[in-house]
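The values are calculated or read from the model by the stated rules, or taken from the named source; none is laboratory data. What you see is a predicted model, and the numbers here were worked out from it, not measured in a lab. We place every Cβ from the backbone using ideal geometry, glycine too, and count neighbours over all the protein chains shown.
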């Protein structure tokens, strides 16, 4: 009888996770597509424009991923209060997030005031410098919208309403494309800004995304019981400290992962151009496919937090298992693509045979990467649902910085363990590092679910 009840709860949680994950997937895919559009359209403007956008957007991405991680702490907290039907606490914690957002906006603007000094450290070419600086000059106007959106998004997701994020992200993409065209190439009376126009277009799309999400939070009935506009809560330091205690480790966890991939690209900078290009194609494909397990991870933090808030500890544990099962279904799709059609996928990016062969070879390892991701990525979302973020940060540092990066350098660029494998060595190390992360994170989940 107990097994039958467990199976019933598992099916319910699986359906709930799928319902939450699909809109999150399309939202994240739209966000990734925005960066892709910037790169392609800047490349049409010229080589210097592409280089300037690549450098400045990379710097912005480092800031953005940390901010997103910081405010992801709101997601499981809101879900837990919603599960407990303590909607006044939802209102208060989101408003504390807004107070924190004001501080974050000020810090980012202060950082951007030093952008020319920062860019001068990375760029020597004056034309590339001008494009990169112009990009950030435009982007800075979108920073307030980006931060406020990053606070309101987990407010919506924590209430199990992920569609708002999807609609706003798609709206931002649809605005970004024509805005890029108008500002880069000087249409409709606007001056031709080249790659710098991408920054201004991105700022416009950020404000559009915020506007759409504000309309949802003002008018949709999902937010009625926990409306953050009905009462105004003053700054509450215990809630603020709780958000920071949860959010700062999440932000650094995401930054640790992103920085490893950035360093690998830098380490490979001395290889032949076709090898670097093949690596970049394989990395881009893996990143796009990563949106599927990422959507499961976000959904897992919602369901685990909700079940814990409603006092259903067993359902929270089963939701964790269901998230791994859903990620496995998505991984089956990803692995089929990467193992079955590597040449076809590489051909979508380039017609250079040497680049295609290099990319297709690396996609085999990207497929192995997807298998390890089945466990690692959902486990991170599960642990966020349990509000266990510090240990997850330590485990990710161990897996990526202690295991993957040194091993990748050893296998890829030295002959200490045999002939240097170049890009393939780094991909092998990523598979090993992610597998280690998966084992450690799943073990942590099993321990917490049985002892909390």
In region 123-168, residue modelled with the lowest pLDDT [restricted to those that are touching a helix residue (DSSP H, G or I) at 6+ places or on another chain (Cβ under 8 Å) and either not in a helix (DSSP H, G or I) or not assigned by TED's automatic domain parsing to the domain that holds residue 60 (or both)]:
123
Given the criteria at pLDDT below 90, part of a helix (DSSP H, G or I) and outside the structural domain of residue 169 (by TED's automatic domain parsing), does residue 5 qualify?
yes
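This table checks each residue for (1) farther than 29 Å from residue 82 by Cα; (2) surrounded by fewer than 19 Cβ atoms within 10 Å (Cβ to Cβ); (3) under 19 Å from the mean Cα position of the chain (by Cα); (4) not assigned by TED's automatic domain parsing to the domain that holds residue 279.
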| site | (1), (2), (3), (4) |
| --- | --- |
| 380 | no, no, yes, no |
| 408 | yes, no, no, no |
| 426 | yes, no, no, no |
| 437 | yes, no, yes, no |
Scan region 225-241 for residues that are part of a loop (DSSP other than H, G, I, E, B), touching a helix residue (DSSP H, G or I) at 6+ places or on another chain (Cβ under 8 Å) and either within 15 Å of residue 97 (Cα to Cα) or at pLDDT 90 or above (or both) and jot them down.
226, 227, 228, 229, 231, 232, 233, 235, 236
Give the number of residues within region 38-54 that are at pLDDT 75 or above and either buried (at least 19 other Cβ atoms within 10 Å of the Cβ) or not assigned by TED's automatic domain parsing to the domain that holds residue 194 (or both).
8
Of the residues 213, 173, 244, which is crowded, with 23+ Cβ neighbours inside 10 Å and not in a loop (DSSP other than H, G, I, E, B)?
213
Out of 167, 151, which single residue is surrounded by fewer than 23 Cβ atoms within 10 Å (Cβ to Cβ) and under 18 Å from residue 205 (Cα atoms)?
167
Report yes if residue 304 is assigned by TED's automatic domain parsing to the domain that holds residue 445, under 23 Å from residue 10 (Cβ atoms) and assigned to a helix (DSSP H, G or I), otherwise no.
yes
